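Read through the structure below, which is laid out as structure tokens, and then see the notes.
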Amino acid sequence: MNRNLFCVCVTLFAWMAGCAHSPPPPPRGALAPEAARTQYESITPSLVAIEYVWESELGRHEIIGAGVVVGDDGLVMTPLALLGDEIPDVQMKEFKIIVPRDNADPLELDAVFQGRDERNEVAFLKTKEPQQWKSIQFVEDPPQVGDVVYSVGLLPKEAGYKSYFMGGIVAASLRGEMPQVVVNGGLAAVGSPVFNAQGHAIGLVTYQPGQSLLLNNEAEALNAIVSPPKLFVPTRFFDQSLGDLPTPGNPLKLPWIGVPQLTGLTKDVSEVFNLQDQPAIQVGDVIRDAPADRAGLKQGDIIVKLNGQPLERGDQPEELPQIFRRKILRMKPGEQVVLSVLRRRGQPLQDITITLSEQPPRANTAKRYFADDLGFGVRESVFVDTYARHLAADAKGVVVAVIRPQSSAESGGLQFNDFIQRLNGDPVTDVAGFQTAYEQLRKDKPKESVVLVVLREGREDTIRIEPPQ
């Protein structure tokens with residue numbers, strides 16, 4: 001063995017042996033047991049469960065998840081994931097806020113749904129009657145690697161919503177559309193607040209696929225303990241929501257730029273355009289007559305700056321479009337944004353000023369109708385329906401939103417997301433027109449087949465549904 005290599009190896013083994021016998025330094029801000037208990041007792045009164053009934057065309061479903069008191073008067077914040085995109089607003093009913101109690105059954109208080117906030121992935125409820133609660137005040141205090149963090153959450157309904165304490169050490173901070181902090185150890189259930197050693201609320205445990213979200217799912221009752229969450233979002237991600245709340249009947253107006261297809265430039269592609277070490281995204285499509293189109297943005301343009309500032313970096317090029325969209329989403333309709341774009345290699349950047357408009361309606365707000373006798377429901381067509389099918393934005397029709405299992409509609413071959421254009425030979429314009437024509441048809445000819453012409457995967461299909469005899 002080479003003498004120098006031998007000396008290096010001996011030195012390395014000696015260092016490793018010393019490390020094995022020397023205890024690692026304590027993590028920064030480690031909590032003493034007494035301090036942990038004090039924080040646990042202080043935070044617990046600010047934790048509640050939220051409950052509502054999803055009254056769909058196929059039945060009633062009780063949904064319960066975690067909530068955090070953010071207003072002394074009874075305002076509660078919960079993860080938006082608990083109110084999934086597939087759940088129409090009109091089908092969410094009977095909201096309650098559940099207050100755990102040590103020596104009594106949980107207290108159930110009637111609540112009013114305040115609204116969703118898609119900008120920051122949260123939603124809000126408020127008790128019908130004003131309360132005098134202790135709210136959690138979130139602050140922006142970015143944790144550092146090695147810091148101790150902890151969270152207090154609620155156990156499932158089967159455990160009486162008992163609060164519990166979890167903690168760990170910050171292992172890394174991730175960039176991306178949703179900046180997240182990785183914790184070595186474990187955090188409390190999704191929707192639980194996260195604190196630093198000084199007792200400051202610095203974030204919220206975020207939902208990840210595979211994590212338990214519901215507090216009333218017996219099959220997942222122990223998941224949050226056995227496989228605790230490892231990620232949380234810092235306060236800066238949702239702080240905007242706490243100062244700009246939705247209100248009942250007045251959903252937040254979200255901005256729209258009209259650029260559905262964006263691609264983050266890889267290192268190799270960036271070098272081709274002399275954009276080394278500059279995050280950039282390329283425009284793949286621009287919606288006709290949308291704000292971006294009216295301002296002059298074109299397919300193929302490369303966006304390098306937003307309002308004079310370089311684009312925010314992600315950990316992967318694929319994250320750049322999502323980060324950009326989230327930046328736009330946090331603005332307001334009517335605001336102007338300036339995009340600095342590269343149109344051709346070697347040319348100077350060109351500034352394009354875009355006035356944001358309001359987002360088109362979303363599927364969860366669309367009007368619906370359920371044909372109970374044949375077992376299928378439709379909803380109003382929205383922009384994403386026509387765009388995905390390469391149809392004109394004003395194309396007429398309705399979208400199949402639900403099909404009852406073992407129904408006549410299922411037997412006839414109707415499928416979820418079919419785009420219905422004709423009903424027994426007559427054009428379908430909207431849900432109101434479909435409902436009127438369908439009910440008249442079933443009244444006049446109750447034993448005749450219902451014939452639907454639908455668009456499915458780019459082709460027209462004719463579906464014949466035989467009514468139950």
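The values are calculated or read from the model by the stated rules, or taken from the named source; none is laboratory data. Since the structure is predicted, the reported quantities are computational estimates derived from the model, not experimental observations. Every residue, glycine among them, receives a Cβ derived from its backbone with ideal geometry; neighbour counts consider all protein chains shown. Ligands, DNA and RNA are stripped out before the accessible areas are found, and what is left, the full protein with its side chains, is counted by its heavy atoms. Shrake-Rupley method; radii C 1.70, N 1.55, O 1.52, S 1.80 Å.
Pick out, from Pro229, Pro291, Leu75, the residue whose Cα sits farthest towards the positive end of the charge dipole of the chain, with +1 on the Cβ of Lys and Arg and -1 on the Cβ of Asp and Glu.
Value: Pro291.
To the nearest 10 Å², what's Glu319's accessible area with a 1.4 Å probe?
The accessible area of Glu319 comes to roughly 50 Å².
Need one value: the accessible area of Ser411 in square angstrom, 1.4 angstrom probe, rounded to the nearest 10.
Answer for Ser411: close to 100 Å² accessible.
Calculate for the chain the 222 nm mean residue ellipticity that helices alone would give, adding -39,500 (n - 2.57) per DSSP H run of length 4 or more and normalising by residue count, nearest 500 deg cm²/dmol.
On the way: 10 runs with 88 residues, N = 469.
-5000 deg cm²/dmol, from helical runs alone.
Let me understand the stretch 145-252 better: what is its radius of gyration from the alpha carbons, and its Dmax, in angstrom?
So, for the stretch 145-252, Rg and Dmax equal 14.6, 45 Å respectively.
Please work out the FRET efficiency for the pair Glu460 and Lys367, using the Cβ-Cβ distance as r and a Förster radius of 30 Å; give the result to the nearest 0.05.
E(calc), rounded to 0.05, equals 0.75.
Testing the spin-label approximation: label points 7 Å from Cα along Cα→Cβ at Arg60 and Val338. State their distance in nm.
Taking the two extended label points, one gets 5.7 nm.
Place a point 7 Å from the Cα of Val451 along the Cα-to-Cβ direction; which residues of the stretch 422-441 have their backbone N under 14 Å from it?
422-427
Would you mind checking the tilt of helix 431-444 against the longest principal axis of the Cα atoms of the chain, expressed as 0 to 90 degrees and rounded to 10?
50
For Asp89 and Asn184, FRET efficiency with R0 = 60 Å and r from the beta-carbon atoms, rounded to 0.05? Intermediate results must be reported in sequence, preceding the final value.
Working: r = 39 Å, r/R0 = 0.65.
Once the sixth-power term is evaluated, E becomes 0.95.
For the chain, report the accessible area per residue in Å² (1.4 Å probe, heavy atoms, rounded to an integer).
On the way: 23960 Å² over 469 residues.
On a per-residue basis, the chain sits at 51 Å².
If each residue of separation counts as 0.36 nm, what is the full-extension length gain between Asp430 and Asp285 once their alpha-carbon separation is subtracted?
Details: separation 145, 0.36 × 145 = 52.20 nm, distance 2.75 nm.
Separation in residues times 0.36 nm, less the Cα-Cα distance, equals 49.5 nm.
Quick check: residue separation of Met331 and Leu391 times 0.36 nm, minus the Cα distance between them. What number comes out in nm?
So the extension gain works out to 18.7 nm.
So between Arg175 and Ser227, what do we pick up on full extension, going 0.36 nm a residue minus the alpha carbon distance?
On the way: separation 52, 0.36 × 52 = 18.72 nm, distance 2.35 nm.
Extra length available between Arg175 and Ser227 comes to 16.4 nm.
Of all the accessible heavy-atom surface of the stretch 176-293, with the other protein chains kept in place and a 1.4 Å probe, what percent is carbon and sulfur?
49
Once the Cβ-Cβ distance between Gln132 and Glu218 is put in as r, and R0 is 41 Å, what FRET efficiency do you end up with, to the nearest 0.05?
After rounding to 0.05, the efficiency reads 0.75.
Considering only Cα-Cα distances, which of the following residue pairs are longer than 19 Å: Lys267/Lys298; Lys93/Lys367; Lys93/Lys126; Lys253/Lys305; Lys128/Lys162; Lys96/Lys128?
Lys267/Lys298; Lys253/Lys305; Lys128/Lys162
At 1.4 Å probe size, with no ligands or nucleic acids counted, give the accessible surface of Phe237 in Å², nearest ten.
10
Only Cα pairs under 8 Å and at least 6 apart count here; give the relative contact order of the stretch 147-215 as a rounded whole percent.
Worked out over the stretch 147-215, it gives 32 percent.
Using +1 on the beta carbon of Lys and Arg, -1 on that of Asp and Glu, and nothing else charged, what's the dipole of the chain about the Cα centre, debye to 20?
1020
Simple spin-label model, 7 Å along Cα-to-Cβ: Asn417 to Ser42 in nm?
4.9
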